[in-house]
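Mind having a look at this structure? Questions to follow.
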Amino acid sequence: MNPASSLRAEKLTLAVLICGVSSLALSDFVSPFYWTLSVVAGLLRLWRGPGFSLSELQASLIGWLGFFWVGLELILGRAWVVAFTDFMLILALAVVIEAPTPRNHLHRMLVGLFLVLAAAVLTDSVLYVLPLAAMMWFMWRAAACLYGLNWSGSDLSAASVKRDMRWMLFMATLAGLLFVVLPRFDVHSALKPTQPRMQTSGFSDRVQLGDFARELDATVVMRVEPAEPITSAEDLMKFRRQVGGRYWRGVALPSFTGRGWQQQEQSVIRHWSRGSEVRLSQKEDIKLAVYREASDHAYLQLPQGLLRIGALPESVRLGSSGALSFDRALSRRLRLKMEISMGRASPFSAMMRAPDRLELNTGKIPAELKQWVRSLVSGIQDPAIALRKVADELHGWIYDLNAQLDDVQPIVSFLEKKRGHCELYATTLALAARELGVPSRIVNGYFGGEWNEVGGFLLIRQQHAHSWTEVWLDGQWQSMDATPASRWSLSGVRFPAFDEVWEAIKLNWYRYVLEFQDSDRTALFKEAWQQMRRYGLALIFGLFLVGGVAMLIRWAGTLGLWQRFQANPAAWPLLDRWLSNRGSSRLPHQPLRDVAVPAGVHVVAWQAFVSAWERQAYAAERPWKRRELKRHLRAL
Amino acid sequence: MAYDPADLRLPGWLLRLFDALIRLRLPLTSGWSIAMTRAGVMFMLALIGVWAASFYSGNNLLYLCGAVLTGIVSAAVIQGMRLLRRMPAVGDMKLPLLEVKQVHVLRQDLPLPGGTSAMIDILGSYAAGAFNLQARCENDAVRISGRLRASRRGVFQLEYLRLQSEAPLGLFNIEFRQSSEYQIYVLPEAVPWQASALSGAHGQGMRDGDEWRDLRSYVPGDALSRVHWRKVAANARTDTLAWTVKRFADDESNQDVSHLRVDLRIPPQSKHEDFERLLGKAWFWLQQQRGRPGSLMLGRKLFDIADEQQINRAMRALASCRPETMAPAAGPGLLLSIYEARI
């Protein structure tokens, strides 16, 4: 085996393996220590070459040690998925530093491929496309390199990178086409729920008040875009106005514990099976596509004015408190099609049960709060007006995520300091309502969101999580929000401009890759056809133009114009300077053969030089580079 | 090549299963078929697994992986097919003229644009034998090399020409079976003989003071003293195995042996080997004299050996020659006969 070919195979197979490790590193289920170890070992191997290696026996020993170590991890309570990825990465480490044998090359390619496939199940990051594309390239080159080794005579030389790039383009196009065209089958539901997603939304069906730091978490929870493409900027602006500023209702919490809120056992009002649609009204209004990030809870966040949810990915039930939840938590990303009304009133309100004793329970209300409410609304008989006054009072307080509160009596502490976060405001208002004899509860969900200008969609982040109050007035549950408006000016996004672009890319990744469905294929073809009709003429003209330019460049290339253009401007000034240093000079565009022989140069040598110069200058030979000209001049 | 899953020390039964799968050769289109290598079996099993998981799970990233791997497989197959299709036709390969029981070494460089690095097996079959050549493609050129040997004389239609390659990735063995109109001439084994010894005017040795006029290809039986060794050495540097022999001006002066008549009759007591030997002598003479003014009369057929087309016809006639019952037509020159040899 040729040492150069062997070294090339070594680097290429190592690259395949590193692609696998990198793709798995994108998963939430991987310990950074293990993948860092493999990557560092890989880089060291690249740097130090095959000298940095262990024998097969030593490498297999590492593999076996890894096996037993992972077994121990499982006994100690490590999640099986994490233990599995740990083992795969320890194996990758062993393979990285194994002696470079044909067996090792195969090990690397197999392990690399397996890691990439495992990562397809364990991650959904848009960055996954990078190691996947890199693996396609390196696997092709590595397999071609291994194929070319050990033939009789000598190893085959490597194919040119330029040529392989063309094939790479072909492969990528074919892969894209297959991805779009191949049908999706329905059996996926049996496996999909088991696809683990570590990410948690932070959304909770309980509230704990007290002194602990809260942060503005910029993690994305939902992305909301028009279900059908909007082309005009005006329509997009209208959509933005209509969808923004809505409450996204999650779960209602009726039971106050003194330090927080808990959910109550609730009866199921209605049940919808998988694949059916939740239709609350026959009206059709604004159509949304909602991309819900992977989450560990079963609640659906319902926008104000919800009319319909189409094609449920799993059966859902409507609880008596108006919370819509899946029968089992789907720990994966979901795409839901919804319709909402222009107005904010939702038919859901009418389906909620009347308040029960929990929502009127005043047992845990602190005496300080009762006294504060009485002093604030003294003389007001109408509970609705009294509640409005309480809310107005709270609106004037300070929003503070990290207010230091008493853990035992957080509400009392809040009343003293007049600063806190939304759960404290919602709790205070809800307890004030109960004190006034109005049934109340708090609701956890999201509010508002931020508009992504690049992608034209609404982004709801963890920092938009919110608590507000529902009170029973006029025979129905009504929302009231006591949180100061200053809360919505806060943001935890560090690089907003970059973040907008990045989120737009991610949405496209979700839309066109992760959540691509059969229905999208039809929409894609329709869209392509529309675009074709719209821009077909321009496209044909553009193709002709590009083709013409390409032919012109090719023609110029055959005439050697590029060589002249590239070579001479760099070479002529150098040559002219050299001539002037030797007492000779050349006028612009004067051929070199007409220039007098420079001082100190033999005539024969000069004539040979002129001849060689003309051969390269007029494209009979490859044009000289600058250093080649210097070499010729030194020889003179 | 360093690309065999056997290196993974797989269990024997699995390797046997792989080998059973390797033997499956699936037709693609007319003349094309495909089989897997051991590495290809592993790759295809992985691909099937990925697609099965994709269809089962509906996981779009697995779909993407499956599409990428399918892209690699498709590109490998298409590239392999393009390579075989672009291979020079058998007529362009310039197969050497075969002689009975002689081993002929072929080593030839031809242009093959495309920049593919590959090894191709070229398998040909005809009634008198088969040949197995190897083509090494790299750097926009292909080097075809191998040995050819024929068992009997004749003009044979090439039954098929099979091109096989595992390029570019070593995953699939693609075969392109060409039906060809190409004819292979298997000539008799050349029998050196001294025409001058018979004529008394012409020899193989170098004459004192004589200057060589030009070169011709070496013919088995040529005197080694006539081989132009410096030319052979120069050819060897360019990887062409062509021996050349000097021709002297004095050779031309002997005009009477530029005409040869061959009597194709066989006396009843003669053996078939005698007939073959007779043809071998004619073939030897033709090689020595080709390109010079002269003629070969083979039985009743006359060939002008100064004309390249006529020489080809003469070779075909020599290859397919059968004993005749009639004496050769009258004419000048040397008569070769099993009965007798006379001027």
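The values are calculated or read from the model by the stated rules, or taken from the named source; none is laboratory data. None of the values given here were measured: they were computed from a predicted structure. Cβ: placed from backbone, ideal geometry, glycine included. Neighbour counts: every protein chain shown. The area values use the complete protein model at the heavy-atom level, side chains included, leaving out ligands, DNA and RNA. Shrake-Rupley method; radii C 1.70, N 1.55, O 1.52, S 1.80 Å.
Please sort A:8-17, B:118-127, A:604-613 by packing, taking for each peptide the average over its residues of neighbouring beta carbons within 10 angstrom, highest first.
A:8-17, B:118-127, A:604-613
So what is the calculated 222 nm ellipticity per residue for chain A, using -39500 (n - 2.57) for each DSSP H run with n of 4 or more, over all residues, to the nearest 500 deg cm²/dmol?
The per-residue figure over chain A is -16000 deg cm²/dmol.
Further question on the same structure: Give me the distance between the Cα centres of the range A:272-349 and the range B:263-278, rounded to whole Å.
Here the answer is 101 Å between Cα centres.
Please give the helix A:3-25 orientation as an angle from the longest Cα principal axis of chain A, in degrees from 0 to 90, rounded to the nearest 10.
On a 0 to 90 degree scale, this one is about 10.
Which lysines have a Cα less than 30 Å from the Cα of B:LYS94, not counting those fewer than 8 places away in the same chain?
B:LYS231, B:LYS246, B:LYS281, B:LYS301
Carbon and sulfur together cover what percent of the accessible area of chain A at a 1.4 Å probe radius?
60
Using the scaling law 2.2 N^0.38 Å as the reference, what is the normalised Cα Rg of chain B?
That works out to 1.35 for chain B.
Any chance you could check the Cα centroid distance between the range A:479-513 and the range A:236-263 for me, in angstrom?
Their Cα centres are 16 Å away from one another.
Let me ask something additional. If you bin the C-alpha pair distances of the range A:1-90 every 5 Å from 0, what whole percents do you get?
With a bin width of 5 Å, the distribution comes to 3, 13, 19, 23, 19, 12, 7, 3, 1, 0.
Given the options B:ALA127, B:SER30, B:GLY71, identify the residue whose Cα lies farthest towards the positive end of the charge dipole of the range B:1-187 (+1 on Cβ of Lys, Arg; -1 on Cβ of Asp, Glu).
B:ALA127
So, for the protein assembly as shown, what is the accessible surface per residue at a probe of 1.4 Å, expressed in square angstrom?
I get 48 Å² per residue for the protein assembly as shown.
Checking the cross-link filter: which aspartates and glutamates have an alpha carbon closer than 12 Å to that of A:LYS364, excluding same-chain neighbours under 8 positions apart?
Counting by Cα, and skipping residues close in sequence, A:LYS364 has these aspartates and glutamates nearby: A:GLU435.
Which value in nm describes the separation of the simple spin-label points at B:SER337 and A:THR522, placed 7 Å from the Cα toward the beta carbon?
Calculated label separation equals 9.4 nm.
Could you work out the relative contact order of chain A, using alpha carbon pairs under 8 angstrom and six or more residues apart, expressed as a whole percent?
12 percent.
The range A:500-527: which residues show an accessible-area loss of 20 Å² or more, assembly versus chain alone, 1.4 Å probe?
Buried by 20 Å² or more upon assembly, which counts only protein chains, are A:VAL513, A:LEU514.
Something else about it: Please compute the volume of the convex hull spanned by the alpha-carbon atoms of the range B:1-187 and report it per residue in Å³.
For the range B:1-187, the hull spanned by Cα atoms encloses 142 Å³ per residue.
Say the dipole of the range A:449-567 comes from +1 at the beta carbon of Lys and Arg and -1 at that of Asp and Glu; which of A:VAL546, A:VAL454, A:ILE505 then lies farthest toward its positive end?
A:VAL546
Between the helical axis of A:367-376 and the dominant principal axis of chain A, each derived from Cα atoms, what acute angle in degrees is found, rounded to the nearest 10?
Helix A:367-376 sits at roughly 80 degrees to that axis.
To continue, here is another question. Whose amide H sits under 5 Å from the amide H of A:SER584, counting only residues 5 or more places off or on another chain, with H placed in the peptide plane?
It is A:ALA599, by chain and number.
Does anyone have the angle between helix A:626-635 and the longest principal axis of chain A? Alpha-carbon axes, 0 to 90°, nearest 10?
20
On the protein heavy atoms, probe 1.4 angstrom, tell me the percent of accessible surface of the range B:1-187 carried by carbon and sulfur.
That fraction is 55 percent.
Quick query: amide H of B:ALA223 versus all other amide H atoms, modeled in the peptide plane; which residues come in under 5 Å with a sequence gap of 5 or more or a different chain?
So B:ALA223 has HN proximity to no qualifying residue.
Assuming 0.692 mPa s and 37 °C, estimate D for chain A with Stokes-Einstein, Rh taken as the Kirkwood radius over Cα pairs, in µm²/s.
107
Could you let me know the centre-to-centre spacing of the range A:434-466 and the range B:1-57, using Cα atoms, in angstrom?
55
Something else: How big is the A-B contact in terms of buried accessible area, both chains counted, 1.4 Å probe, rounded to the nearest 100 Å²?
Adding both sides of the contact gives about 4700 Å².
Please give the length that would be gained between A:ASP217 and A:LYS630 if that part of the chain were fully extended, namely 0.36 nm times their separation in residues minus their C-alpha to C-alpha distance (nm, one decimal).
Result: 142.5 nm gained on full extension.
Right, something else. Putting +1 on Lys and Arg Cβ atoms and -1 on Asp and Glu Cβ atoms, find which of A:MET532, A:LEU72, A:PHE170 reaches farthest to the positive end of the dipole of chain A.
Value: A:PHE170.
Leaving out same-chain residues fewer than 8 places away, which aspartates and glutamates sit with a Cα under 20 Å from that of A:LYS287?
Cross-link targets: A:GLU225, A:GLU228, A:GLU234, A:ASP235, A:GLU277, A:GLU339, A:GLU450, A:GLU453, A:GLU515, A:ASP518, A:ASP520, A:GLU527.
To the nearest 0.05, what FRET efficiency results for A:VAL604 and A:PHE544 with a Förster distance of 60 Å applied to their C-beta separation?
0.65
Still on this structure, I have one more. Can you tell me the dipole magnitude for the protein assembly as shown around its Cα centre, using point charges on the Cβ only (Lys, Arg +1; Asp, Glu -1), in Debye to the nearest 20?
Using only the charged Cβ atoms, the result is roughly 1980 debye.
Explain nothing, just the number: relative contact order of chain B, from Cα pairs under 8 Å at least 6 residues apart, as a whole percent.
After rounding, I find 13 percent.
Let me ask something additional. Given 0.36 nm per residue, what is the gain on full extension from A:THR257 to A:LEU127 after removing their alpha carbon distance, in nm?
42.4 nm
Taking every DSSP beta bridge with both residues inside chain B, roughly what % is antiparallel (nearest 5)?
Close to 85 percent.
While we're here: R0 = 41 Å: FRET efficiency of B:TYR56 with A:VAL40, Cβ-based, nearest 0.05?
0.65
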